[in-house]
Structure formats: C-alpha cells, structure tokens
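Taken together, the values in this text are just the output of simple stated rules run on the coordinates, not laboratory data. What you see is a predicted model, and the numbers here were worked out from it, not measured in a lab. Neighbour counts run over all protein chains shown; Cβ positions are idealised from the backbone, glycine included.
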Amino acid sequence: QVQLVESGGGLVQAGGSLRLSCAASESISSFNTVGWYRQAPGNQRELVAAITGGGSTNYADSVKGRFTISRDNAKNTVYLQMNTLQPEDTAVYYCNAKFTVVVTQREYNYWGQGTQVTVSS
C-alpha cells in the first residue's frame, strides 16, 4: 500500500510563505501524476497543483504565480512552495498520487492524511 506523508503546514500571516512536502513510500516515478489538493470547511476538495512524470505542471487559477510544485525523484518527495499566502488559502492540503493502468485505463488514487495551512489576516 502506497503511503504519502505530508509535512510543512502551519500558521502564517497573510503575505507569508510555506513549503509543503509529501514523502512517498515508493518511487514517485511510478506515478503518472502527483499533486496537491486542498479542502476548506464547507467546500469540496479542489486541485491546487499537479506535476506529471514528464514535468508538466497544472495549477488552479487562484494560485498561479504564487505557488510552485516540484518533485525530487531521488527523494521520492513532492513539494509545494506557497508564496504570498492569503486567508482564502486556508485549508487542509492533501498530497495525491495517480497511477493509470494503460491497458484498462483504470485509475488508482492515493492520498496523504493532510496538513493544515492557516493564513491569518
């Protein structure tokens, strides 16, 4: 069973920065996509940023220009650098890894336990 462990969350003032880390129990190169989602109270979980094995990235419009996703395959770790944080970024942030079986197109999703990010105004 794949395990994803997030770290780096916390409390920060508006305009500040945090870097989240997601350590995987196995090689992240085996996944098609790894990324970060977030869920604020009363809201659905939403994609924040994702990166493919080839290095292509995808960001939510609300974080473009402020957040940067990266991966270190040697460390089996995915990072989310968050700059210019705003109160609306407050949420639980979850690491996600996706693997798609080519023949069946069946997708497997793995999730971390989440890390709380709170941005005060």
FRET efficiency, 1/(1 + (r/R0)^6) with R0 35 Å, evaluated for F99 and S17 via beta carbons: 0.70
Kirkwood-based shape ratio for the chain, expressed as Rg/Rh from alpha carbons: 0.97
FRET efficiency, 1/(1 + (r/R0)^6) with R0 30 Å, evaluated for Q81 and E107 via beta carbons: 0.65
